[in-house]
Amino acid sequence: MGAIRGAICAENTVEDISAKSLQLVSEIISRNKIDKHRISAIFFSCTDDLNACYPAKSVREQLELGHVAFMCFAEMSLPASLKHCIRACVFVDGLNQEQCIHCYLGEASVLRTDLK
C-alpha cells in the first residue's frame with residue numbers, strides 16, 4: 001500500500017475548504033494515475049483556523065468515493081506553522097511507496113521544498 005501526501009491552503013469558508021480539498025485529492029489522483037477503486041482511505045488534517053466544514057464531505061460526494069474510509073483531524077498548532085492549511089494522506093492499495101508522487105500545491109508548497 002502506498003501513502004500519498006499533499007497539502008493546500010484555503011480560506012475558512014465551506015465553499016473554499018470544499019473546493020480546495022477536492023482540488024488537492026483530484027491532483028493526487030491525476031498525478032499518480034490512480035484508479036479510484038484502489039483508494040482504501042483518505043486522512044485529512046486542518047489547521048485550527050479552518051473549521052467551517054469537514055474537507056472529506058465534498059471529496060466523498062464529488063468524486064463518488066463512498067467505499068473509502070475518511071478521517072478528519074486537527075493539525076498540531078505550532079507558532080510558526082503554515083496557517084489555513086489542509087493536509088491529506090491518500091492510501092492506495094497495490095501502489096509501492098517509491099512510486100508515490102506527493103502534491104503540495106500553492107502556498108503549501110513551502111512545506112516540502114525538496115519535492116520541487
ask   = Of the residues 87, 60, 112, which is outside any strand (DSSP E or B), out of contact with any helix residue (DSSP H, G or I) (no Cβ under 7 Å at 6 or more places or on another chain) and buried (at least 17 other Cβ atoms within 10 Å of the Cβ)?
value = 60
query = If residue 73 passes every condition in (1) buried (at least 16 other Cβ atoms within 10 Å of the Cβ); (2) more than 16 Å from residue 104 (Cβ to Cβ); (3) touching a strand residue (DSSP E or B) at 6+ places or on another chain (Cβ under 8 Å) but one, which one does it miss?
reply = (1)
message = Restricting to region 35-57, count the residues that are of a type in the set (Gly, Ala, Ser), within 12 Å of the chain's Cα centre (by Cα) and either exposed (fewer than 12 other Cβ atoms within 10 Å of the Cβ) or not in a strand (DSSP E or B) (or both).
response = 1
remark   = Checked pairs for region 89-106, first farther than 10 Å from residue 41 by Cβ, second in a loop (DSSP other than H, G, I, E, B) and open to solvent by less than 30 Å² (accessible area, probe 1.4 Å), C-beta under 6 Å and 6 or more apart or across chains, list as 101/32
ask   = So which residues in region 1-34 are without any contact (Cβ under 8 Å) to a residue 60 or more places away in the chain and over 12 Å from the mean Cα position of the chain (by Cα), if there are any at all?
value = 13, 14, 15, 16, 30, 33
query = Of the residues 30, 26, which single one is at pLDDT 95 or above and either open to solvent by 60 Å² or more (accessible area, probe 1.4 Å) or touching a Pro at 6+ places or on another chain (Cβ under 8 Å) (or both)?
reply = 30
remark   = Checked 64, 75 against criteria (at pLDDT below 95 and at positive phi); the one match is 64
inquiry  = Taking the conditions exactly as written (part of a helix (DSSP H, G or I), within 16 Å of residue 108 (Cβ to Cβ) and basic (Lys, Arg)), does residue 20 satisfy them or not?
reply    = yes
ask   = How many of the residues in region 90-101 are open to solvent by 30 Å² or more (accessible area, probe 1.4 Å) and either modelled with pLDDT of 90 or more or among the basic types (Lys, Arg) (or both)?
value = 3
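The values are calculated or read from the model by the stated rules, or taken from the named source; none is laboratory data. Note that the structure is a prediction, hence the values are computed from the model and not measured. Here Cβ is always computed from backbone atoms with ideal geometry, including for glycine, and neighbour counts include all displayed protein chains. Note: areas computed on protein heavy atoms with side chains; ligands, DNA, RNA excluded. Shrake-Rupley method; radii C 1.70, N 1.55, O 1.52, S 1.80 Å.
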